[in-house]
């Protein structure tokens, strides 16, 4: 099958969760199909093409003012469909709600089979972010934005030939929005064999793209609410990720125990020195690739319930769940002090991802999905 993949991120370099997932999906699909990647984000198309082994072109998205919660200029949609026709695509996969919007799936069915990956659930992130807003008016505005996006994503789910979800919880959410929709589960995974394990170290580690608002909120909350409970003589907190923003930067400048490293190309030394990996998420959605990578490295993980959702984890066996500042600080202290417990937790986490979260296992359902799609005619 000739397949066009439309993505709102350039998956090269693969340095964030969405970029990693897109790159892995393209590699998996290219084993079975002829792929052309259409990126709505500018970037190194030649580098991406070389890394992924497929043609990559940029079709920069142009936004427009509109009443819809997500709006893309008609010129962008027309340009994308011209590229899909030029590829003579028999089906198209779009990444997320923005990609689906760019292709026009919010307003009707596509002329060829269309699959939405990681879409139709972003309203949950909006709802959670709104609930954390500081004023009643901002919280009400957040609820309204989430409701409007939910209605829009409901339309996308109804118009798509299939929606790919990354967790059973998100699959159920899409099914509740559009009971007739076909929903396929293909979770995020990890390159288990490419990650080396190491014994517990003495630092506390977080890795994540800090321009992503839920990550920035998580570490701001940790720095303000949890870090003071660890004491002035507490552990060193290492944060690796670009674009921390002014608030987190100021908090790091005020605390000798908080280190902002920015983007780190080689994470292995950071994992080797880490005694605990933290994931203090309070918003967002999906399954966190950073959790899976830390587990593959054999690290003890302390996470909020939101941070761990969507993964087949057992609290106390392969993860520690802590939702309040006091609980989070206590869990970090215990694991740093009791290295045997941290080692047991890390080994259990590694065993879990080895058994259930290898990429080849997680993305296997996509082969059956595309093999089952019914042709619907030529692109219009």
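No value in this document is a laboratory result; all are computed from the given coordinates. Treat the numbers as computed from the prediction; the structure is a model and nothing was measured. Don't worry about glycine lacking a Cβ; one is built from the backbone with ideal geometry, like all the others, and counts go over all protein chains shown.
Figures for the structure shown
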| item | result |
| --- | --- |
| Potential extension, residue 236-residue 323 segment - 0.36 nm per residue separation minus Cα distance | 29.2 nm |
| Estimated [θ] at 222 nm from DSSP helical runs (n ≥ 4, -39500 (n - 2.57)) normalised by residues in the chain, nearest 500 | -13000 deg cm²/dmol |
| Relative contact order of the range 192-357, pairs being alpha-carbon contacts under 8 Å that are 6 or more residues apart, as % | 27 |
| Separation of the residue 374 and residue 213 label points, Cα + 7 Å toward Cβ, nm | 4.0 |
| The range 233-380: Cα Rg divided by the 2.2 N^0.38 Å rule of thumb | 1.27 |
| C-alpha long axis of helix 74-86 to longest principal axis of the chain, angle in ° | 70 |
| Förster radius 25 Å - calculated FRET efficiency between residue 63 and residue 135, Cβ distance, rounded to 0.05 | 0.40 |
| Pair residue 355, residue 250: separation of 7 Å Cα→Cβ label points (nm) | 4.8 |
| Sites residue 273 and residue 41 - FRET efficiency at Förster radius 41 Å, r taken between beta-carbons, to 0.05 | 0.80 |
| Degrees between helix 136-159 axis and first principal axis of the chain (Cα, 0 to 90, nearest 10) | 40 |
| Where only C-alpha atoms are counted, convex hull volume of the range 26-175 per residue in Å³ | 131 |
| Longest to shortest principal axis, alpha-carbon extents of the chain, angstrom | 66, 49, 38 |
| Residue 71/residue 340 FRET efficiency (R0 45 Å; Cβ-Cβ; nearest 0.05) | 0.25 |
| In degrees, nearest ten, helix 17-29 long axis to first principal axis of the chain (Cα) | 50 |
| In Å, descending, principal axis extents of the Cα set of the range 190-286 | 37, 32, 21 |
| Order of 278, 306 under a 10 Å beta carbon neighbour criterion, fewest first | 306, 278 |
| Sequence of 97, 249 once ranked by neighbouring C-beta atoms within 10 Å, starting from the fewest | 249, 97 |
| Likely footprinting exposure, 291, 173, 1, fewest C-beta neighbours within 10 Å first | 1, 173, 291 |
| Calculated P(r) of the range 273-316 - Cα pairs past 11 Å, % | 64 |
